[in-house]
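Notes follow the structure.
Only the coordinates and a few stated rules stand behind these numbers; no lab work does. Just so it is clear, the model here is predicted, and its values are computed rather than measured. Heads up, the Cβs are rebuilt from the backbone with ideal geometry, glycines too, and the neighbour counts pull from every protein chain shown.
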Amino acid sequence: MATTITPPGMIDITLDGQPIRVPASTSVFDAARMNGINIPTLCHLQNQTPVGVCRLCVVDTGARVLAASCVRPVEPGMKVVTNSEKVLAARKTVLELMMSDHPSPCERQQNSGDCELETLAKEAGASQARGSRIPATANWKRLRKRQALLSRVSQSAPSRAAKMILP
């Protein structure tokens, strides 16, 4: 593709070593899907605006940090790697952290066997959660209170820091 002229509105990138051409407004995630490359995700639903909160779709774009592919637009000449050791290790860590806050097996997994989080974790070899795992028999009322308290603490900390820094 380097010897041909790129048509207006199209961008040439390299995806897992393969040169491809995609429309200019395409996300890295969609460019991969259009070319038969599967990138795991939990938060990117079809026909919904991507938000990049689950971070399972991280890819290496050569930047200092990995990028969430569902919200990262393609750029001319971009080189994207979707399956390096660094990328796979990051995804596994994210899954381990998610599993630490997920009862396993969850009710959905027990009833129908189609919990997407547990399936992805198993595929990535993240069957062991980081930190403490919430058992299926957990006291959810107590856990919700704890989570609400932690949420209030984490939300108030930045505002206190901003008050100290800003006049």
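Being surrounded by fewer than 18 Cβ atoms within 10 Å (Cβ to Cβ) and farther than 21 Å from L88 by Cβ holds for only one residue in G36, G62, G17, G9, and it is G9.
Would you mind stating whether S112 is surrounded by 13 or more Cβ atoms within 10 Å (Cβ to Cβ) and either in contact (Cβ under 8 Å) with a residue 12 or more places away in the chain or over 30 Å from T4 (Cβ atoms) (or both)?
no
Screening the range 80-93 for residues that are part of a helix (DSSP H, G or I), closer than 26 Å to Q18 by Cβ and not small (G, A, S) and picking the one that is farthest from the chain's Cα centre (by Cα) gives E85.
Return yes when E96 is in a loop (DSSP other than H, G, I, E, B) and either closer than 18 Å to T119 by Cβ or in contact with a strand residue (DSSP E or B) (Cβ under 9 Å, 6 or more places away or on another chain) (or both) and no when it is not.
Working: in a loop (DSSP other than H, G, I, E, B): no; either closer than 18 Å to T119 by Cβ or in contact with a strand residue (DSSP E or B) (Cβ under 9 Å, 6 or more places away or on another chain) (or both): yes.
No.
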